[in-house]
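Here's the structure, in structure tokens; my notes come after.
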Amino acid sequence: MSVTILGLDKEKSTVLVENLNGLLSNFQVYYQNLRGLHWNIKGKNFFELHVKFEEYYTDSQEKIDMIAERILTLGGTPLHTFGDYSAKAKVPIGKNVSEDVAAVTLVMNSLSELLKIEREILNLSDDAEDEGTNSMMSDFIAEQEKTIWMLQSWLG
């Protein structure tokens with residue numbers, strides 16, 4: 001078995017990089033959705049959701065950087081073009097969403113897609129004995145599960 005400088009199996013690290021680039025792409029789409037929701041939200045919940053979507057996109061921006069840096073740590077190159085992001089996107093794209101329930105539902109559905117990707121990466125990182133990626137995915141998953149619960153509560 002060929003190993004990286006981190007002591008990880010090279011082949012498994014390559015698979016992790018590919019999957020992390022998929023997550024990175026989906027987070028970029030999610031981030032852009034949140035920016036659009038922040039800008040375009042209307043109605044009686046404007047003030048509450050305008051601030052909440054800003055909180056979410058700021059958090060996403062940090063996670064995007066963490067994912068890209070993990071890809072680099074594993075010896076890969078983070079994707080960085082909109083074409084790459086679009087090709088790998090599984091997160092629903094929200095265009096001209098301004099109504100509160102539709103906006104919150106979009107965020108919830110996006111997080112659900114991100115969770116699927118993260119759980120797959122968690123399984124791969126566990127198999128590769130990659131504790132760095134494993135820990136990051138565990139943290140993301142726990143936080144996003146709680147966010148989904150809160151969004152479901154907001155929807156009633």
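Every number here is computed from the coordinates shown, using simple stated rules; none is lab data. These numbers were taken from a predicted model, which means no experiment stands behind them. Please note: Cβ atoms are built from the backbone with ideal geometry, for glycine as well, and neighbour counts cover all protein chains shown.
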Quick one: in the stretch 1-55, which of the residues that are small (Gly, Ala, Ser) and assigned to a helix (DSSP H, G or I) is farthest from the chain's Cα centre (by Cα)? Ser13
Does Lys95 qualify as being in contact (Cβ under 8 Å) with a residue 12 or more places away in the chain and farther than 21 Å from Val17 by Cβ? yes
So Ala68 passes all but one of these: (1) small (Gly, Ala, Ser); (2) touching a residue at least 40 places away in the same chain (Cβ under 8 Å); (3) buried (at least 16 other Cβ atoms within 10 Å of the Cβ); (4) under 16 Å from Glu113 (Cα atoms). Which condition number does it fail? (4)
Got a sec? Which helices (runs of 4 or more DSSP H) wholly within the stretch 76-156 have at least 2 residues that are over 13 Å from the mean Cα position of the chain (by Cα), more than 15 Å from Gln28 (Cα to Cα) and not basic (Lys, Arg)? 100-127, 131-155
